[in-house]
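Accompanying notes for the structure given below.
The values are calculated or read from the model by the stated rules, or taken from the named source; none is laboratory data. The structure displayed is predicted, hence computed values, not measured ones. Virtual Cβ from ideal backbone geometry, glycine too; neighbours counted across all protein chains shown. Protein only, heavy atoms only, side chains kept; ligands, DNA and RNA dropped before computing areas. Shrake-Rupley method; radii C 1.70, N 1.55, O 1.52, S 1.80 Å.
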Amino acid sequence: MNKSKLVLMISTLLLVACGGSGGDNAPTNGTVKVIVKTPSNQPVADADVVIGTTTIATDSYGVAVFSVDPDFSGKAEVSKAGYTGQQVVVSAIGVGSTAVFDTTVKQMILVGEDVDYSTATTGSPVTVGQDDGAAVSITDNNAFVDNNGNPYTAAVDVYITPVDVTDEDDRGAFPGEYNGILEGETAIQDIVSYGMADYTFTDQSGGELQLASGTNASIDIPVFEGGSIGGLDALAAGDELPMWYYDFDAETWKENEIEKGVVTQVTVDGVSKLVLRGNVSHFTPWNADVFPQSGTLVTQFSCGPNHNSANTATASVSTGGRQGTFTISNGRDSGPAAVGQACVSITNHNCSGTQNYDTQCTNITQGQTSTLEFTPVEK
């Protein structure tokens, strides 16, 4: 649903009054804890996490802790050499309280080492590919510039790192949220992904390279699960689809300004696969997306008849090709969700510790409303 925000677990500080409210020792800030992990749930140490103007490296548990204003809301950017980049929405939840945000990065996959592009021409392109069908083809022997904009013609290392959006763990490495800006427009809209891959080129010292001005590369973005995601019609060779890139400065996905991609059938190690092929002017995470058909998902939440609470919870939603979290306030939340199966689980609530909630799923139909009602189960 369009409230794809963040994976969030909240622990509330219990205040114990001892003859007063705490005086000068009372906390005045909130705490944001960012946990960086891989899709296999392994902690990532020494990753730089940036919130505002503050940068903190993760510890051996993959954790970086920030003291922020109690009403802070913004984005945390995560980076580490050899890993894909990530941005997540973070927000404080009040004075003395800690909000915990899980974020996923993926170790980049080296698919071409010391690649020589000096022979690349229109008639003899240099192509490097990956098992999932992701590939890049370059036809210019002067295609690269370094971080200072200077031409680079020596050997190149090529990293292509797909993210399988149909895999619940792997798609956590999908950068940002499932929304973006259409070329020529300014409004952010929901998108549903068929597949995504990060394309990174480096020189021999690990410095990132980019395409020179006026130079294009042809990339293949893998299409996962036969191109049928979220109740959408399966893709077929010859279909045209928008290509999107993640803009870390703008903190959102943007539509490719050059052209749409064409769904193409390729054979990798004897296996037929679908990819979205198109020309790009820079290297970054690239994504095969469409605007989703959608219905309405209503989520109702209760702590049960024996509990006096404000009936609030954090819920995690998984729909076709995307996932995220949202907050259920006053026992009810309503918003759009992609057509197809939608599953919701409660990741945090303000009920007693004996309350538990099972994951529930429902089918979302175009233009229709589906309701999930969560009532407690005693542990």
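For the reader, a short list of remarks on this structure follows.
- Tally of residues being modelled with pLDDT under 95 and not β-branched (V, I, T) across the stretch 88-115: 8
- The stretch 184-204 - residue that is within 17 Å of I160 (Cβ to Cβ) and among the aliphatic types (A, V, I, L, M) and, of those, modelled with the lowest pLDDT: M196
- Residue within the stretch 68-79 that is over 30 Å from Q204 (Cβ atoms), hydrophobic (A, V, I, L, M, F, W, C) and without any contact (Cβ under 8 Å) to a residue 12 or more places away in the chain present: no
- Residue in the stretch 150-163 that is free of Cβ contacts under 8 Å to residues at least 24 places away in the same chain, surrounded by 13 or more Cβ atoms within 10 Å (Cβ to Cβ) and at negative phi present: no
- Selection status of V36, part of a strand (DSSP E or B), at pLDDT 90 or above, open to solvent by 20 Å² or more (accessible area, probe 1.4 Å) and within 23 Å of G172 (Cα to Cα): no
- Residue within the stretch 227-235 that is out of contact with any Phe, Trp or Tyr (no Cβ under 6 Å at 6 or more places or on another chain), open to solvent by 10 Å² or more (accessible area, probe 1.4 Å) and under 27 Å from D157 (Cα atoms) present: no
- Scan of the stretch 326-360 for residues that are within 21 Å of T166 (Cβ to Cβ) and open to solvent by less than 70 Å² (accessible area, probe 1.4 Å), ordered by number: P336, A337, A338, V339, G340, A342, C343, V344, S345, Q360
- Number of the condition not met by E251 [criteria: (1) open to solvent by 20 Å² or more (accessible area, probe 1.4 Å); (2) over 28 Å from V50 (Cα atoms)]: (2)
This table checks each residue for (1) free of Cβ contacts under 8 Å to residues at least 60 places away in the same chain; (2) touching a Leu at 6+ places or on another chain (Cβ under 6 Å).
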{"residue": "Y178", "(1), (2)": "no, no"}
{"residue": "G184", "(1), (2)": "yes, no"}
{"residue": "I188", "(1), (2)": "no, no"}
{"residue": "I191", "(1), (2)": "no, no"}
{"residue": "D198", "(1), (2)": "no, no"}
{"residue": "F201", "(1), (2)": "no, yes"}
{"residue": "Q204", "(1), (2)": "no, no"}
{"residue": "Q210", "(1), (2)": "no, no"}
{"residue": "G214", "(1), (2)": "yes, no"}
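- I181 being in contact with a Lys or Arg (Cβ under 8 Å, 6 or more places away or on another chain), among the β-branched types (V, I, T) and either open to solvent by 30 Å² or more (accessible area, probe 1.4 Å) or within 30 Å of T319 (Cα to Cα) (or both): yes
- Within the stretch 89-102, residues that are free of Cβ contacts under 8 Å to residues at least 12 places away in the same chain have Cβ atoms under 8 Å from residues that are buried (at least 18 other Cβ atoms within 10 Å of the Cβ) in no pair, counting only partners at least 6 apart in sequence or on another chain.
- Beta carbons closer than 8 Å, at least 6 apart along the sequence or on distinct chains, pair a first residue in the stretch 45-65 that is touching a residue at least 40 places away in the same chain (Cβ under 8 Å) with a second that is of a type in the set (S, T, Y) for A47/T58; A47/S79; A47/Y83.
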